[in-house]
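J.: Before anything else, here's the structure in question.
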Amino acid sequence: MHEATVTIELNPREQRVWDRIRSRVKALPEPGVGSGFVDLLLLLPDLTVLLSRLLREPRVPWGSKLLATAGLVYVFSPVDAVPALFFGPIGLLDDLVVVAAALSALLNRVHPDVVRSHWSGQGDALDAIQRVTGWAEAQIAGSIQMVLGRLLRR
């Protein structure tokens, strides 16, 4: 038995602003086609928009909204651990990690379908969040192992 895909298109006036911008930047590929470089560039704005939408969601507990607010404040703050002004696109990695970490923590208190209902990005929101946080954890663990290895050699 083959399942039919149901596509729901919103009236342009009913679409959210970021959804309209994103659709103009890049048309989504056919189902089953992998994400490309443009999707990677749009990941930080996608996750930031998701975090801001969840702030207005009544099903999100206020404690989680405080965490989301902290993540957004970091992203929009001119002070960064890795400033984009000096390091270019690499300077956006810390913002991406902070937003993904805030969303990951929020997922422990909010039903995944609530998160998915506010997602505008490519693919599944939970998969995107998990990939970013998994990558960040691997980088941090690798850095800690490298530092400990150097300290133990001395």
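Values in this text are rule-based calculations from the coordinates and carry no lab data. None of the values given here were measured: they were computed from a predicted structure. Cβ coordinates were reconstructed from backbone atoms using ideal geometry, including for glycine residues, and neighbour counts include every protein chain displayed.
J.: Please work out the C-alpha center-to-center distance from segment 50-111 to segment 134-154 and express it in whole Å.
T.: 25 Å
J.: Taking the highest mean first, how do the peptides 95-107, 68-80 order by number of other beta carbon atoms within 10 angstrom per residue? Walk me through the numbers before you get to the answer.
T.: On the way: 95-107: 21.4, 68-80: 14.5.
So the peptides 95-107, 68-80, ranked by packing, come out 95-107, 68-80.
J.: Less than 11 Å Cβ to Cβ from Asp80, Lys/Arg counted +1 and Asp/Glu -1: what total charge do the surrounding residues give?
T.: -2
J.: Test of the criteria: in segment 77-150, which trypsin sites (Lys or Arg not before Pro) are in a DSSP loop and have at most 16 other Cβ atoms within 10 angstrom of their Cβ?
T.: Within segment 77-150, the qualifying trypsin sites (Lys or Arg not before Pro) (loop, at most 16 other Cβ atoms within 10 Å) are Arg109.
J.: Between Leu151 and Val82, what length in nm is gained on full extension when 0.36 nm per residue of separation is reduced by their alpha carbon distance?
T.: Taking Leu151 through Val82 to full extension adds about 22.4 nm, to one decimal.
J.: ³J(HN,Hα) across segment 71-77 via Karplus (A = 6.51, B = -1.76, C = 1.60, θ = phi - 60°), whole Hz, x for Gly/Pro?
T.: x, 5, 4, 4, 5, 8, 6
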